[in-house]
């Protein structure tokens, strides 16, 4: 009878791989183990983890690497899955936050055994009075209006979103999926949405998640004048976002009738279906009564996530629903660009466990500023040039020039960028570096190609292959 492999050995391997979201090779895994494991034994354990679909293997021979599967990255198989918190030993990327938000961050990062279990508090919802209670201060709302306003404000609902539709579709689909632990790159997402091409070595659920976002964004833009915070809209957002992702297909677009748990938190959502139904309707009625579009958007992010009205996909519904008032009023959409997973999760935990909104609010406001910089000419309002881009400008220019002169298509470029990032960029910066380079490539045109010392003929030859 074969000797049973200790589960703690498998968990130790998975933990090391989890710290390398871009993938890690066997040598690094072996060096990271606190116990000695001969190469052959390690290979057998890796093969078992791949067979169990806990890990995904990529490449061959010495270049073979391993990363977490999307299933292993979720911390719970139930409705409240939180995206993975990717730990590194390096400096953490985090948006600027207030002292009150810092206190929340410290509290929700305590070991889970030190945090007191809490249930859903309806008083948190009851205490909110539309247009009297404000989660966003007046000066914040005024600032967001200034940076989010578009020239299309007086035109039919959704006009501005239609003008930037292609960019919005990719940005929002990718960033919202990324916050759920999806490992597609920006270029892989673009190829999937434009060509229907599923990236090699990726879990099918990841492709489904991104395609579901596309369906929702189409609905939000095409029916901008008709949708709102009502049962039709929110239930259909859930049905589209959860399509082909739930164990019970009948649960798509329906409020849950089962108990759910959320891994990684001490928060326990409501269990009684009648209470869920009543609170869901109260959330919709309250949101619909809010006049300010930014307050309305943040209320949706907060309370749809907190209630957990569906069996799964609740946070995705809240993020997409937040765009309803913004798209309707021709404001810059919220695509969650650059938002670190850990900051978003910390903010959500602050709501779940403490009913405190300060941290999630700081993340929301910062995320909106970043989104505006993507879609309008307000980048100057964010102050000094991005130090990250400044730091990597030489390497970025070098890679982009090689991609263009090599006439690479999107698939080849994505692999090329990822390879060089793993070789030349510190681990904590790799994901952001890949995103920035891919964004630069996608925004390249005849009017800005000179910054990379590319000749017109080289650019035109490359564009013919860029698909």
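The values are calculated or read from the model by the stated rules, or taken from the named source; none is laboratory data. This one's a predicted model, so the numbers in the text were calculated from it and none came from an experiment. Cβ atoms come from the backbone with ideal geometry, glycine included; neighbour counts cover every protein chain shown.
Here is a yes/no grid of residues against (1) more than 24 Å from residue 289 (Cα to Cα); (2) under 20 Å from the mean Cα position of the chain (by Cα); (3) surrounded by fewer than 17 Cβ atoms within 10 Å (Cβ to Cβ); (4) assigned by TED's automatic domain parsing to the domain that holds residue 167:
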position	(1), (2), (3), (4)
197	yes, no, yes, yes
204	yes, yes, yes, yes
210	yes, yes, no, yes
213	yes, yes, no, yes
227	no, no, no, yes
230	no, no, yes, yes
233	no, no, no, yes
238	no, yes, no, yes
252	yes, no, no, yes
Scanning the range 237-256 for residues that are more than 13 Å from residue 308 (Cβ to Cβ) and part of a loop (DSSP other than H, G, I, E, B) gives 243, 244, 245, 246, 247, 248, 252, 253, 254
Can we say residue 264 is surrounded by fewer than 17 Cβ atoms within 10 Å (Cβ to Cβ), modelled with pLDDT under 95, outside the structural domain of residue 414 (by TED's automatic domain parsing) and not in a helix (DSSP H, G or I)?
-> no
Residue 152 passes all but one of the listed conditions (1) modelled with pLDDT of 90 or more; (2) closer than 23 Å to residue 373 by Cβ; the exception is number (1)
Flagged in the range 397-442 as out of contact with any helix residue (DSSP H, G or I) (no Cβ under 8 Å at 6 or more places or on another chain) and closer than 13 Å to residue 190 by Cβ, in numbering order, are 409
Note on the range 131-145: residues out of contact with any helix residue (DSSP H, G or I) (no Cβ under 8 Å at 6 or more places or on another chain) and either surrounded by 15 or more Cβ atoms within 10 Å (Cβ to Cβ) or at pLDDT below 95 (or both) are 143
Taking first residues from the range 406-427 that are over 19 Å from residue 198 (Cα atoms) and assigned by TED's automatic domain parsing to the domain that holds residue 184 and second residues anywhere that are surrounded by fewer than 17 Cβ atoms within 10 Å (Cβ to Cβ) and at pLDDT 90 or above, the pairs with Cβ under 9 Å that are 6 or more apart or on different chains are none
